[in-house]
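The values are calculated or read from the model by the stated rules, or taken from the named source; none is laboratory data. Keep in mind that this is a model prediction, so the values were computed, not measured. Glycine also receives a Cβ, built like all others from the backbone with ideal geometry; neighbour counts cover every protein chain displayed. Only protein heavy atoms, including side chains, enter the accessible area calculation; ligands, DNA and RNA are left aside. Shrake-Rupley method; radii C 1.70, N 1.55, O 1.52, S 1.80 Å.
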Amino acid sequence: MVDTRVDLCGVALSNPVIAASGTFGFGQDFAPLYDLNQLGSFSFKGTTWLPREGNPSPRIAECPAGLLNAIGLQNPGVHKVISEELPRIRQVFDKPVMANVSGFSIEDYVRVSELLDAQAQVGWLEINISCPNVHGGGMAFGTDARMAGEVTRAVRAATRKPLIIKLSPNVTDITEIARACEAEGADALSLINTLLGLRLNLKTRKPLLPFGTGGLSGPAVLPIALRMVWQVYEAVRLPLVGMGGVSSARDVIEMMLAGATAVQVGSANLIDPWACPRIIHQLPGAMAQHGISCLRDIIGGAH
Amino acid sequence: MRQTAFTILENTPIARDTYRLRLAGDTAAFKQPGQFVNLSLPGYYLRRPFSACDWQKGELLLIYKVLGQGTADLVALRPGTRLDALCGLGRGFDLNACGRQPLLVGGGVGVPPLYRLARELVARGRTVRVALGFNTAADAFLVGELQALGAQVRVATLDGSLGERGTVLAVCDADSASDFCACGPTAMLKALCAATRLPGQVSLEERMGCGFGACMGCTVMTPAGPLRVCREGPVFDREVLAW
Ligand SMILES: Cc1cc2nc3c(=O)[nH]c(=O)nc-3n(C[C@H](O)[C@H](O)[C@H](O)COP(=O)(O)OP(=O)(O)OC[C@H]3O[C@@H](n4cnc5c(N)ncnc54)[C@H](O)[C@@H]3O)c2cc1C
Ligand SMILES: Cc1cc2nc3c(=O)[nH]c(=O)nc-3n(C[C@H](O)[C@H](O)[C@H](O)COP(=O)(O)O)c2cc1C
Ligand code: FES
């Protein structure tokens, strides 16, 4: 028998597979398909202070081996997430869930985190700092080490739950941001969020997506994600949650060798609704094939 | 929703750039006309949504038009090829909401789901009228098949090469209808809703990331808040959209 258990910030996971935020809603569309308790956990849709309708359409553009999305953080707002979504999650999922928090000001991040901190089923806060900072000229919090550090410090003061900062890959040196978050009290880092991309409509000769760019995800980004996890593993002492293009058990193993303690699966859920249980089911066989008896032993094994 | 491995039985042209794709496989997931499949095409990351035109036990019929690269490549796939699909997606037309004399309105690639709808309405003893709009006679399809079901079919083409000249609105006898069910380009659906106060159901099209509610890629804004075309739709009551 192989051992797939890992520990993420003191919370035990039966396996390292976590469904990624924005590709899993609040779990309800997957609950009729399989028992969600098979998952290590899932990270629910990025939640903001106020409800958000999201961007105009189209919000999706296809790419070779992936997609661009410009959803615009459509979500019902933190109050409804607490009053409606969390009770429904409780009915289909017995484990700690990861709360993905998005914001457009430090105050936003803090007040959403404070409310989610009080929710028993929330096991971790995952702070998405890829959002534009409305007070900082629209530049994303996650692309500036000082801003990333300030968000981390402010949210740290607002929660006793394990605090995971989700890093943006759209930076020159991701290790600089990672160190800033570590210095301000993050318990873990997750990476990578989507990469900025563009597709054009040849008929109109204009961008396909309404605001031009979108976020690239899927197998196309796997090598970039691996490279960044590998770099950040060398730069900080924090546990890492690796993601970007993971679609198979072998990808999970590769991500863990690069330095990830747990692994998120995003876009793969969209094209194969059973992607997560399939990967979890494949894991023991893939481990045996590569002579791995305990997954915890291979974390950072490539270094 | 169900995932099915289909095998192509037939993939043949029926009009300009328009093909009939007959697939063998489990169709138990389809419950309502207007539901769709999300079809995986070899070499493409995202699946492609297509309305179910008709189905029976073990066999599914789609009709597709070549629009971009994916559908262009689909033309080359021969009988025997396996295609993976998510089936029985979305909320289709509500037959219980249809009156005694429903008018079905279709434009271009919006026509396919109306075939199954007409079939089920005729089977329930309704007097079914169908109004179809195409660009030219060369683009027209399903006209004879709908007539064979017992529906009264009128056709409009933009150049007048078949039926009336003009848009589908030129052949919509809204006065004698109890209500309407429509599928086609958004501009057509909006024009139809602007032209009549009849109760109606409209089937919308939107680009999709998943097709089963997970990504919020297909949202349509309504007075009742954002709704997912793939989950709360693709068929909506016009009142919900406030069109
Ligand atoms: C619910 C629904 C039912 C549909 N039913 C039919 C049908 O019965 N017959 C038919 O011919 N077509 C139908 N369509 C449209 C069909 O999905 C597109 O024509 C097809 O996806 C185009 O793929 P492509 O690779 O050729 O185009 P490309 O432009 O190369 O595709 C690129 C991406 O954009 C998406 N896309 C492009 N155009 C559309 C569109 N109009 N709607 C949704 N996604 C699009 C593709 O799926 C793909 O992800 C339906 C669409 C929806 C949403
Ligand atoms: C449609 C879509 C919506 C997303 N929404 C969010 C979100 O709300 N919050 C967030 O932190 N990341 C979001 N992401 C990013 C993913 O969680 C993940 O970081 C990224 O897609 C890379 O992983 P993947 O290649 O496995 O998809 C979204 C991704 C997609 C495709
Ligand atoms: S296409 Fe993903 S939610 Fe509708």
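Listed values, structure above:
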{"read-out": "Interface size A-B, as summed buried accessible area [1.4 Å probe, Å², nearest 100]", "value": "2400 Å²"}
{"read-out": "Chain A - charge dipole about Cα centre, Lys and Arg +1 at Cβ, Asp and Glu -1, debye rounded to 20", "value": "540 debye"}
{"read-out": "Check: the protein assembly as shown dipole with +1 on Lys, Arg Cβ and -1 on Asp, Glu Cβ, in debye", "value": "860 debye"}
{"read-out": "Chymotrypsin sites (Phe, Trp or Tyr not before Pro) restricted to DSSP loop in region A:26-128 with at most 16 other C-beta within 10 Å", "value": "A:Tyr34"}
{"read-out": "At R0 = 25 Å, FRET efficiency that the Cβ-Cβ distance of B:Gln152 and B:Ala28 yields, to 0.05", "value": "0.20"}
{"read-out": "Chain B: calculated mean residue ellipticity at 222 nm from DSSP helix runs of at least 4, using -39500 (n - 2.57)", "value": "-4000 deg cm²/dmol"}
{"read-out": "Qualifying trypsin sites (Lys or Arg not before Pro) in region B:116-185, DSSP loop, other Cβ atoms within 10 Å at most 13", "value": "B:Arg124"}
{"read-out": "With every protein chain in place, region A:90-249: carbon and sulfur % of accessible area (1.4 Å)", "value": "53 percent"}
{"read-out": "Value of Rg/Rh across region B:95-205 [Cα atoms, Kirkwood radius]", "value": "0.93"}
{"read-out": "Contour minus Cα-Cα distance for A:Asp297 and A:Asp117 (0.36 nm per residue)", "value": "61.7 nm"}
{"read-out": "Rounded percent of accessible protein surface that carbon and sulfur make up, region B:111-243, 1.4 Å probe", "value": "51 percent"}
{"read-out": "Positive-pole candidate from B:Gly150, A:Phe30, A:Ile18, dipole of the protein assembly as shown, charges at beta carbon", "value": "B:Gly150"}
{"read-out": "9 Å beta-carbon shell around B:Ala97, net charge (K/R +1, D/E -1)", "value": "-3"}
{"read-out": "Alpha-carbon Rg with Dmax, taken over chain B, Å", "value": "16.9, 48"}
{"read-out": "Counting all C-alpha pairs of region A:6-298, share separated by more than 31 Å (%)", "value": "21 percent"}
{"read-out": "Rh (Kirkwood; distinct C-alpha pairs) - region B:1-134, Å", "value": "15.3 Å"}
{"read-out": "Convex hull volume per residue for region A:1-133, taking Cα atoms only, in Å³", "value": "139 Å³"}
{"read-out": "Net charge contributed by nearby residues that have their C-beta within less than 9 Å of B:Phe6 (K/R +1, D/E -1)", "value": "-1"}
{"read-out": "Percent of beta bridges antiparallel (DSSP, chain B, rounded to nearest 5)", "value": "60 percent"}
{"read-out": "With at most 10 other Cβ atoms within 10 Å, longest stretch of chain A clear of loop trypsin sites (Lys or Arg not before Pro) (DSSP)", "value": "A:1-159"}
{"read-out": "Rel. contact order, % - alpha carbon contacts under 8 angstrom, at least six apart, region B:2-89", "value": "42 percent"}
{"read-out": "Beta bridges per DSSP with both ends in region A:6-298, % antiparallel, nearest 5", "value": "40 percent"}
{"read-out": "Restraint check, A:Lys203/B:Lys190; A:Lys203/B:Lys31; B:Lys65/B:Lys190; A:Lys166/A:Lys203; A:Lys45/B:Lys65; A:Lys95/A:Lys166, Cα-Cα greater than 30 Å", "value": "A:Lys203/B:Lys31; A:Lys166/A:Lys203; A:Lys45/B:Lys65"}
{"read-out": "Region A:15-50 and region A:244-293: distance between their alpha carbon centers, rounded to Å", "value": "16 Å"}
{"read-out": "Solvent-free Debye scattering, log10 I(q)/I(0), computed from the Cα coordinates of the protein assembly as shown at q = 0.05 Å⁻¹", "value": "-0.23"}
{"read-out": "Relative contact order (%) - chain A, alpha-carbon pairs under 8 angstrom, separation at least six", "value": "20 percent"}
{"read-out": "Proximal aspartates and glutamates relative to A:Lys80, as straight alpha-carbon distance under 14 Å, when same-chain residues fewer than 8 apart are discounted", "value": "A:Glu53"}
{"read-out": "Leading residue at positive end of dipole, the protein assembly as shown (Cβ point charges), from B:Cys230, B:Pro113, A:Pro51", "value": "B:Pro113"}
{"read-out": "GNM top mover of B:Pro79, B:Pro49, B:Pro112 - chain B, alpha-carbon springs below 10 Å", "value": "B:Pro79"}
{"read-out": "Percentage relative contact order, chain B, counting C-alpha pairs under 8 Å, at least six apart", "value": "18 percent"}
{"read-out": "Segment B:Leu9-B:Arg78, extension gain: residue separation times 0.36 nm, minus the distance between their alpha carbons", "value": "24.0 nm"}
